[in-house]
Structure formats: C-alpha cells, structure tokens
Amino acid sequence: MVGQTYQVNDIDFSNYFENYSYEYDLGPDVSPCIPMVKASVNIALTVVYSLVCFLAVMGNLVVMIVILYNRNVISSMDVYLLHLATADLLFAVTLPFWAVDATFGWVFGDAMCKVVSMLQEVNFYSGILLLACISVDRYFAIVHSARSHRQKQPFLIKLVCAIVWMLAVLLSLPILYKGKFNYDRKVLCYELLDGESALIWKKTTRILRLIIGFLIPLGIMIFCYSVTLLKLYQMKGLQKQKAMKVIIAVVLAFLICWLPYNITVFVDTLMRSKLIAETCDRRNHINRALSASLCLGFLHCCVNPLLYAFIGVKFQRNLVKVLAKAGIVKQTLVSRYRRSVSSVSDSGLISTSVYITYDGSARASK
C-alpha cells in the first residue's frame, strides 16, 4: 500500500503495468522472462496520445459550442450529445499526463495519479453508457411515433444522464487503489495491490469492466440499431440510405475501437488465471497488443464528434450559423444551408432527411 517499501522481487509487475520492464518466473526449470519495451514504443505512445488529445479536444469543443449556441431548441438527442462530448473532452485532457508518463515515467505525484486515473475511468464508463443511451433514443425516435418521442419530459433525460454519471463514478472507485511507486529508476502509476488478493481483485474488476463497460452497451446498441435499421429499410426514398450509413458507421466504429482491447484484456486475464499457459513469447505479444489496442480505443473519443455530429445535416446547418455570427463565413452560406435542409427534422444533431409521421409510420423526404 502507499508508503510501504518493497524489494523488487516482492512484486510481480506484470500484474500492474505492462509498459515497463519486469521479471517473473514461468516455472522452476525455466529461466526468468524479462521483457523489455523499446524506447521507440514509448515515443510512439507519446505522439499518439498527444495527437488524440488535440483532435478530441478540438472536435468535442466544437460540438459543445454548437449545441449550447442553439440551447433554446435543444432536443433529447442534443442533451445526450452534450454529455457525450463532455465525457470525451474530459477523457482527452488526461492523455497529456500519460504522454509524459510514457517518456519520463510518472512525475506528477501520488495524488495526481489517483485523480487522473479516476477522471479517465469515469469518462470511459460515462462515454460508453451514453452511447447506449443514444441508441435507445434513436430507437424511440425512428421505430416509434414522433409524438411519443417528443413528449418525453426534459427532466427524464436529465435524470438518465445523472444516473449514467453516478454509475460511472461508482464503477470507477476501484481505481483509487492506484498510486505512484519507484521502480528501476522510474516512477510508475499503478494499482498498489500485492499477493493473491490482488489477483482476485484485478480479475473481478476486469470482468466487471468487460461486462458493464462493453458487453451490455454493445448488446443495447446492436438491438436498438438492428430494429432501427429494419424500420429504415422498410421506408421508401433514397434519403434512408444516409440514416442507415450513419447507424452502421456508429456500430462499426465502436467495435473497431474497443473490441480488440477487450479481447486482449480477456485473453490476458485468462493467462494470469493460469487457464492459458503463459510463456515469454505470449506475454510479450499480449503486452504489445494491450498498448496498441488501448491506443485504438482512445481514438474513439475523436471519432464520436465525426459520427454523431459532423455527418448530420442539422449540425452542419447550426455550425454554419455559429461561424457566420463569428464572421468566419458569409451569411449567404447560411441561407444556402437553410434551403438544403429545410425538410430535416429536429430529432437530434445527427438527424438526416428521415422524419417520423404522427401516425407512427416513417418515410424519407423527397
């Protein structure tokens, strides 16, 4: 725990932090395996973290500005998008700390280790849970009648968002076990647990993260978007293809960004549980896969603004209005966008030219 002094051989660092050198025994007759991480890998991580941070901050700030600029006509979808952009933005601001850590080790102290790790974990959970909420919102907007969708009270939407944030905080509490520790002339930020209880705790939290932070949201998204796609497929008109492409892109982006990491963590957990034989080669492959797949997962906070906002014609129209008011674009461009999207519904920033009639049927505008 914090403040205790350990000998290097007392701790199996493979249980805590994969990006640094450590030593462990594969058996009584096998030589110790000492995997080493090349300096080029840490440099690459620093570059990737910095780039993702810049893109995510810029994209999500634009989304928040556009939504708040039109807050007088904000919809349930816009509320979810605002919270999602907030989660992605707060997640992105933690990346510079890990960029520095990849090169120099953790130099920010024990308190910041806990704060930054907690902030990242909270926004990881809240972001993914909000994606599930958005899929439910689109399901009711398109599959069910627009009247029932629009009559939802704003209080209910705010309550759902509040529950998401509270649940994210509760699920992130185990991360407070993290702290700084000196090892091999480098300071690490990792979970301060040792012994058999540490392995059980780590496996439990990993399984919980896999189920609540990936499988359940994925299941909700697949169900809601599958039914929504079926409804759109029954509609007439070419504009339905735009809505279908957005939905397919949302699911694919989620799978591409987070499926590799969750699979790798699952295999790593099986290996640490001795359900899969552990060798030096397998350990090295898993460690490299963890770093690469985690970077891919971080990219999702950059993709969200593109998928949920920049593709939508309503967002483009509102963005042009903001830019015109700031004097960045000409006012004539606003009129052009207003004419081109005059048939777009106000069901959310990613709305296409698909709208829902009050008798419960759906069709595409001509």
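Please treat every number below as a calculation from the coordinates, not as lab data. What you see is a predicted model; the values in this text were computed from it and never measured. Counting neighbours? That spans all protein chains shown, and the Cβs are built from the backbone with ideal geometry, glycine included.
Brief remarks follow.
- In this simple spin-label model, placing a label point 7 Å from the Cα along the Cα-to-Cβ direction at both residue 282 and residue 176 gives a separation of 3.6 nm.
- FRET efficiency for the residue 69 to residue 115 pair, using the beta carbon distance and R₀ = 30 Å, is estimated at 0.45.
- Size-normalised alpha-carbon gyration radius of the stretch 60-128, reference 2.2 N^0.38 Å: 1.37
- Radius, Kirkwood style, for the stretch 47-176 when every pair of distinct Cα atoms is counted (Å): 16.1
- Residue by residue, the stretch 153-166 carries 3J(HN,Hα) couplings of 6, x, 4, 5, 5, 5, 5, 4, 5, 5, 5, 4, 5, 5 Hz when phi is fed to the Karplus relation 6.51 cos²θ - 1.76 cosθ + 1.60 (θ = phi - 60°); x denotes Gly or Pro.
- Whole-Hz Karplus values for the stretch 130-141 come out as 5, 4, 5, 4, 5, 5, 5, 4, 5, 4, 5, 5 Hz, taken residue by residue from phi with 6.51 cos²θ - 1.76 cosθ + 1.60 and θ = phi - 60°; glycine and proline positions read x.
- Taking N as its residue count, the alpha carbon Rg of the stretch 268-316 over 2.2 N^0.38 Å: 1.87
- Computed 3J(HN,Hα) for the stretch 270-284, one whole-Hz value per residue from the Karplus formula 6.51 cos²θ - 1.76 cosθ + 1.60 where θ = phi - 60°, is 5, 5, 6, 8, 6, 7, 10, 4, 9, 10, 4, 4, 5, 5, 5, glycine and proline marked x.
- Ordering 223-235, 95-107 by mean Cβ neighbour count within 10 Å, with the highest value first, yields 95-107, 223-235.
- Distances between placed amide hydrogens fall under 5 Å for residue 178 paired with 192, all partners being 5 or more residues away or on another chain.
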